[in-house]
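Notes for the one structure printed next.
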Amino acid sequence: MKVLYLLIISTLTITSAYTQTFSDVINGAQFGFQAGTATFFQGVDGKNKILYTDDGTDKIYTGMVGLKRSPQHTGTLFYDLKAFMFLFRPNGGYEVVSNEVEFDHTDFMAPEGSPTSTSLKQLNIYIPKEYNEGGILKIGYRGRLNGGNTVEIVYDDWETEIVVKTEISGPKSICSEDIYTIINPGTVTLENATNIATLTSLGNNQYKITRIGSANGVITLKATTGNFVTTKEINIGGLINLGIEDMIGLQDSPTGDAFTVLSGNGNYRYTGVLKVRNMNSEGSTTYSWTKMGGSTGLPAVTWSANGNTVEVRSKGVGGFITLICTATNGCATYSKEYAFYFGNSPW
């Protein structure tokens, strides 16, 4: 037996405001039903949609469906009613893609149901791996009245759209060139890439991005399928301009790379905190700190660092420490030396 993969993209509870009327083909009597509380999929752009990943596997999308009827029809009995899901293809044609969920008059009875609504029953939508296009899903019904006649298939106005999901995979940064794979690519373009990078289609859903010379910047790889856009930001090269974002308990020198640590009231009489930042905000920057040199003996000088922040400490006046911060952004690496003097300074 083929194994079908379950893919549920969250759930969203929807209550249709539409009452679907069924006509008895014998005497014209009417009794109203509608899709009750139908639990299906997470909305996209404010609408109910299934994001379908064309990854070569069969899938089952699982939901719950129920029925409601207006109070004037609570006395109507019927032999059975079946609800199921139709898939309407974008190029025309339709087909049933779910199991049939059966209801009868007992489903409107306590304890599970009520005179105007049934309990929810599971409905499974089957999407085969060969299906790689969008479409519209609609709930359909087939019912039999007391007379045994079959009511024609009708549709509720509740519907959900199948959107074939686009996925972009590849590195976040490029030094010279790299290859990206795009599932369901649609139309693929680069944005903000003028004089920075070029795009080449290699076929088989693969695309090569090439850095132009020594250009630096952040570009956007964009795949457009219908009304849906999928993007990925990519850091080309690297650019570092290391500056000071914040400092506590420090007085900086005219050069901006040496500091006097001011006296305070903490456990350490002298404590200073320096926070640096790559002033070029494009791309992701990492930071590391190392000790280059400093005073020895007493008063002891200690330090610690976390990311782009370093803290220096001493219990007495007169010591100093020199630290190097190394910042890495894409292919660029830059190191800068910072000196800290406790309570006094050479300038």
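The values are calculated or read from the model by the stated rules, or taken from the named source; none is laboratory data. All figures in this text were calculated on a predicted structure; none of them were measured in a lab. Here Cβ is always computed from backbone atoms with ideal geometry, including for glycine, and neighbour counts include all displayed protein chains.
I need a count of the residues in region 310-325 that are over 19 Å from THR255 (Cβ atoms) and surrounded by fewer than 19 Cβ atoms within 10 Å (Cβ to Cβ).
The total comes to 5.
Residues of region 262-307 being closer than 30 Å to CYS175 by Cα and either basic (Lys, Arg) or at pLDDT below 95 (or both), which ones?
LYS275, ARG277, ASN278, MET279, ASN280, SER281, GLU282, GLY283, SER284, THR285, THR286, LYS291
Taking region 232-242 as the search range and keeping residues that are under 12 Å from SER176 (Cα atoms) and either surrounded by fewer than 22 Cβ atoms within 10 Å (Cβ to Cβ) or of a type in the set (Gly, Ala, Ser) (or both), which one is modelled with the lowest pLDDT?
Filtering region 232-242 for residues that are under 12 Å from SER176 (Cα atoms) and either surrounded by fewer than 22 Cβ atoms within 10 Å (Cβ to Cβ) or of a type in the set (Gly, Ala, Ser) (or both), the one modelled with the lowest pLDDT comes out as GLY238.
For the subset of region 210-231 comprising residues that are in a strand (DSSP E or B) and more than 15 Å from VAL188 (Cβ to Cβ), which member is modelled with the highest pLDDT?
In this case the residue turns out to be ARG211.
So, in region 128-140, of the ones that are touching a Leu at 6+ places or on another chain (Cβ under 8 Å) and either at pLDDT below 75 or crowded, with 16+ Cβ neighbours inside 10 Å (or both), which residue ends up farthest from PHE103 (Cα to Cα)?
Of everything passing the filter in region 128-140, GLY135 is farthest from PHE103 (Cα to Cα).
Report those strands (runs of 3 or more DSSP E) wholly inside region 232-347 carrying at least 3 residues which are within 40 Å of the chain's Cα centre (by Cα).
Counting at least 3 such residues, we get 242-248, 270-278, 285-294, 301-306, 309-314, 320-329, 332-342.
Just to check your reading of the model, which residue among GLY113, GLY148, GLY93, GLY143 is over 33 Å from the mean Cα position of the chain (by Cα), surrounded by fewer than 17 Cβ atoms within 10 Å (Cβ to Cβ) and at pLDDT below 85?
Answer to the check: GLY148.
Could you pull out the residue among LEU190, LEU242, LEU199, LEU221 that is without any contact (Cβ under 8 Å) to a residue 24 or more places away in the chain and hydrophobic (A, V, I, L, M, F, W, C)?
None of the other options fit; the residue is LEU199.
Please specify each residue of region 173-196 satisfying the condition of being β-branched (Val, Ile, Thr) and touching a strand residue (DSSP E or B) at 6+ places or on another chain (Cβ under 8 Å).
Correct list: ILE174, ILE179, THR181, ILE182, ILE183, THR187, VAL188, THR189, ILE196.
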